[in-house]
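Just below is one structure, and these are the notes that go with it.
The values are calculated or read from the model by the stated rules, or taken from the named source; none is laboratory data. Bear in mind that the values here come from a model prediction, so they are computed numbers and not experimental data. Positions of Cβ are generated from backbone atoms using ideal geometry, with glycine treated the same way; all protein chains shown enter the neighbour counts.
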Amino acid sequence: MKITIHTEILREAINHIDKICGSIEPSVRYVGFSYNRGYLTLYGTDGCLSVRIPVGKINPTTLSFNASLDILKAFLQDLSGEISLYSDGNYIVLKARSESIKLKVDTFKFTSFEDRAEHLGSIHTGSFVNDLDFVSAHLEEGSMIDIFFHDFLKMAAEHNSIICYTRREMLKFSRTLAWSVPYFSVRHIVKSFKKLPQKELHFGMGINHLVFKSKYTYNLCGENISENFTRLDLLENEIKNAFFIASSNLKMLRHFLRRSMILGKYTHVKIAGKNDKLIFYSSKNGLEYKGIIKTAVKKTFYTEVPAYFFRSVLNRIGGENIKIALGDKFLIVTTSQHKRYIFLPLL
């Protein structure tokens, strides 16, 4: 295996793989090297989310191997111009001007990477990533996000009494699927996609993975939960039957949630709507906080949520003004676009 390539191309691929791998699990911080359809192709994974990146044309070869991500990233950091890469299957050698590095390689671990998939649909990359960012903003390690492919792409996640839900019309739609994915891989998607070109993202279902393609190709593990499509009926019925009772400036709402955390980051805040005001109340160890937003409220309500997590999703809901609706079981917070929703339990 031999190739000469511009340093910036290789560094861009390595940096993207770095964001895919994350820093939580050191054992997956490696880069796969292989020949694929005329190109030297790099791979990376966090154990669930995997990426395949073609970086340059090479002659056909049967060699494939893994090498340390951290060493490759450090070596490429300050280089410029062209770099030569060579491997005999036991070592990989990188040479750039007056510097070189030689690494012993390991067994290639991406033989199960899927390319073929039954088409599900397409959506704009930016919309998908921003919706993922919103729907996962209140989650922690161990949480799952449910993604539903239909005429609308819908996502839902529940944690700490807060349900975040998004629905956005797909650009193209082929078939239905519900796929539940782990929180850590979702956050890696959000971080790694920020600097990618905002093109269409094409989804398909492989044998064992959700496959999606834009500039690069990705595999995402998960659980098929297609029998749980009815779970969305509860949220959709809540939205359908809800009526709007108040509105508020997003900046003001976030301000009082932040102030209520004076008693501690994970303080629970009680929120009440009465006549002409929204009331924020929290207490802990004999301390009390109370804040009031003056605004018309058509019907009284009470809810209680963790202030930190509620503020986290509000930071990503988009827009400047918030609309508050009363459902049968939930208080619903949304914007005028009606694409992102926060469900809070009614007391």
Among the residues of the range 262-276, write down those that are within 21 Å of PHE343 (Cα to Cα), touching a strand residue (DSSP E or B) at 6+ places or on another chain (Cβ under 8 Å) and exposed (fewer than 15 other Cβ atoms within 10 Å of the Cβ).
-> TYR266
Subset of the range 98-125 [touching a residue at least 40 places away in the same chain (Cβ under 8 Å), touching a Leu at 6+ places or on another chain (Cβ under 9 Å) and of a type in the set (Gly, Ala, Ser)] | ALA117, GLY121, SER122
Qualifying positions in the range 253-289 - free of Cβ contacts under 8 Å to residues at least 24 places away in the same chain, within 34 Å of the chain's Cα centre (by Cα) and either under 22 Å from LYS329 (Cα atoms) or in a strand (DSSP E or B) (or both) = ILE279, TYR281, SER283, LYS284
Can you name the number of the only condition in (1) more than 30 Å from ILE71 (Cα to Cα); (2) of a type in the set (Lys, Arg); (3) in the same structural domain as LEU76 (by TED's automatic domain parsing) that ARG168 fails?
-> (3)
Would you check which residues across the range 151-180 are among the β-branched types (Val, Ile, Thr) and closer than 20 Å to VAL129 by Cβ and list them?
-> THR166
ARG175 vs. criteria in a strand (DSSP E or B), among the charged types (D, E, K, R) and either in contact with a Lys or Arg (Cβ under 9 Å, 6 or more places away or on another chain) or without any contact (Cβ under 8 Å) to a residue 60 or more places away in the chain (or both) = no
List the pairs whose first member sits in the range 326-347 and is among the basic types (Lys, Arg), whose second member is surrounded by fewer than 19 Cβ atoms within 10 Å (Cβ to Cβ) and modelled with pLDDT of 95 or more, and whose Cβ atoms are under 9 Å apart, counting only residues at least 6 apart or on separate chains?
-> LYS329/PRO345; LYS329/LEU346; ARG340/ARG316
Say we look at the range 150-183 and pick out the residues that are aromatic (Phe, Trp, Tyr) and surrounded by fewer than 21 Cβ atoms within 10 Å (Cβ to Cβ); which of these is farthest from ASN237 (Cα to Cα)?
-> TYR183
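Looking at the range 31-52, is at least one residue in a helix (DSSP H, G or I) and either closer than 19 Å to ASP115 by Cα or without any contact (Cβ under 8 Å) to a residue 24 or more places away in the chain (or both)?
From the range 31-52, those in a helix (DSSP H, G or I) are none; that's our starting set.
The answer is no, given that none of the residues of the range 31-52 is in a helix (DSSP H, G or I) and either closer than 19 Å to ASP115 by Cα or without any contact (Cβ under 8 Å) to a residue 24 or more places away in the chain (or both).
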Going by the structure shown, is PHE148 among the aromatic types (Phe, Trp, Tyr) and either farther than 30 Å from ALA307 by Cβ or in the same structural domain as GLY318 (by TED's automatic domain parsing) (or both)?
-> no
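Hey, can you tell me all the residues within the range 221-235 that are surrounded by fewer than 17 Cβ atoms within 10 Å (Cβ to Cβ) and either in a strand (DSSP E or B) or at pLDDT 95 or above (or both)? So that I can check it myself, show each step before the final result.
Of the range 221-235, the ones surrounded by fewer than 17 Cβ atoms within 10 Å (Cβ to Cβ) are 223-231, 233-234.
Of everything in the range 221-235, those that are surrounded by fewer than 17 Cβ atoms within 10 Å (Cβ to Cβ) and either in a strand (DSSP E or B) or at pLDDT 95 or above (or both) turn out to be GLU223, ASN224.
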What single numbered condition from (1) within 29 Å of the chain's Cα centre (by Cα); (2) surrounded by fewer than 21 Cβ atoms within 10 Å (Cβ to Cβ); (3) in contact (Cβ under 8 Å) with a residue 12 or more places away in the chain fails to hold for ASN90?
-> (1)
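Could you pull out the residue among LYS154, LYS199, LYS215 that is without any contact (Cβ under 8 Å) to a residue 40 or more places away in the chain and more than 26 Å from TYR266 (Cβ to Cβ)?
On the way: LYS154 fails: without any contact (Cβ under 8 Å) to a residue 40 or more places away in the chain; LYS199 fails: without any contact (Cβ under 8 Å) to a residue 40 or more places away in the chain.
Result: LYS215 is the single residue among LYS154, LYS199, LYS215 that is without any contact (Cβ under 8 Å) to a residue 40 or more places away in the chain and more than 26 Å from TYR266 (Cβ to Cβ).
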